[in-house]
1. Per DSSP H run of n ≥ 4, the term is -39500 (n - 2.57); total these for the chain, divide by its residue number, and report the mean residue ellipticity at 222 nm rounded to 500 deg cm²/dmol.
2. In vacuo Debye scattering of the range 42-86, one point per C-alpha: log10 I(q)/I(0) at q = 0.18, 0.20, 0.32, 0.34 Å⁻¹?
3. Looking at the chain, send over the antiparallel percent of its DSSP beta bridges, to the nearest 5.
4. Can you pull the Kirkwood radius for the chain, inverse mean 1/r over Cα pairs, to one decimal in Å?
5. Under the Karplus relation 6.51 cos²θ - 1.76 cosθ + 1.60, θ = phi - 60°, what is the ordered set of whole-Hz ³J(HN,Hα) values for the range 14-31, x standing for Gly and Pro?
6. Checking the cross-link filter: which lysines have an alpha carbon closer than 28 Å to that of Lys50, excluding same-chain neighbours under 8 positions apart?
7. Have a look at Val70, Val25, His7 and report the one farthest towards the positive end of the charge dipole of the chain, computed about the Cα centre with Cβ charges (Lys/Arg +1, Asp/Glu -1).
Amino acid sequence: MQKFTAHDAKARFGTLIDTALREPVTIERHGRAVAVVLSKEEFDDIEAMKLERLRTEVQKGLEASAQGDVIDIDENDLDAFIDGVITGAGHPASTG
């Protein structure tokens, strides 16, 4: 993956675009990666993969629900449950 400084990306925008058509380009500011530029085709591929993963997870949830594999969460506990799912900590209601 090629790297451009933010200054070089601005000064050589055409070259940045041409390079991004071939491979993702990292843009760095003050030595830290702050963005990645990639082709529309690669972006579309990534979005398609994300959508497929979401569809798979939704389908798993629907199948689990149809089999009665559900948990009851009080609306007051919903934020804590979501935080637990995001962090991987789980939630007492999900341990059954």
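Here, each number is a calculation from the coordinates, and none is a lab measurement. Model, not experiment: these values are computed from the prediction. Cβ: placed from backbone, ideal geometry, glycine included. Neighbour counts: every protein chain shown.
1. Working: 4 runs with 53 residues, N = 96.
Taking each H run of at least 4 residues, the total per residue is -17500 deg cm²/dmol.
2. Log10 of I(q)/I(0), two decimals: -0.74, -0.82, -1.00, -1.02.
3. On the way: 5 of 9 bridges.
Bridges in the chain that DSSP calls antiparallel: roughly 55 percent.
4. About 17.1 Å, per the Kirkwood formula over Cα pairs.
5. Along the range 14-31, the couplings run x, 5, 4, 4, 4, 5, 5, 5, 9, 7, x, 10, 8, 9, 10, 10, 6, x Hz.
6. Answer for Lys50, where 28 Å is the Cα cut-off: Lys3, Lys40, Lys60, listed by chain and number.
7. Going by the Cα projections, it comes out as His7.
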